[in-house]
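Asker: First, the structure itself, so that you have it in front of you.
The values are calculated or read from the model by the stated rules, or taken from the named source; none is laboratory data. Note that the coordinates shown come from a computational prediction; the quantities given were computed from them, not determined experimentally. All Cβ positions, glycine included, derive from the backbone under ideal geometry; neighbour counts span all protein chains shown. These area figures cover heavy atoms from the full protein model, side chains too; ligands, DNA and RNA do not enter into them. Shrake-Rupley method; radii C 1.70, N 1.55, O 1.52, S 1.80 Å.
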Amino acid sequence: MSKQILPAHLAAIVSTLLTDPQALGELDSEDTFLRFFEAIGQVVADHCGGTINGVSPALCPGSVEADGQPMLSVSPSESLPSMTENVWAPYDPEGWADARTSESDAQ
């Protein structure tokens, strides 16, 4: 018989794998973690818009500060519902400032 996983359970698994993979004993190398991180970002982009450019590794491995964690690079794409109303919008608000300026200039 197969396991039946609810959305909240899958969210908990993915959240733990992204924030504390050692707790599950998985993703035991930086390369494995970075590939998982990028793949999850790609799934979100495939369903919600945006273009994944890749992942940059942690600048200071083990640090809990944002600049010490790996980062997913996301660019806007035509598949986004809008530049201001999308799943990526609340994060790194200055990241797409140039694209928002170009969009408003075009109107």
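Asker: If you check 82, 63, 75, which single one turns out to be among the polar types (S, T, N, Q), farther than 27 Å from residue 17 by Cβ and either open to solvent by less than 50 Å² (accessible area, probe 1.4 Å) or at pLDDT below 90 (or both)?
Answerer: 82
Here is a yes/no grid of residues against (1) open to solvent by less than 80 Å² (accessible area, probe 1.4 Å); (2) touching a Ser or Thr at 6+ places or on another chain (Cβ under 6 Å); (3) touching a residue at least 12 places away in the same chain (Cβ under 8 Å); (4) aliphatic (A, V, I, L, M):
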| residue | (1), (2), (3), (4) |
| --- | --- |
| 7 | no, no, no, no |
| 15 | yes, no, no, no |
| 26 | no, no, no, no |
| 46 | no, no, no, no |
| 51 | yes, yes, yes, no |
| 58 | yes, no, yes, yes |
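Asker: Can I ask one more? Within the range 12-23, does at least one residue satisfy the condition of being of a type outside the set (A, V, I, L, M) and at pLDDT 95 or above?
Answerer: Looking through the range 12-23, at least one residue is of a type outside the set (A, V, I, L, M) and at pLDDT 95 or above.
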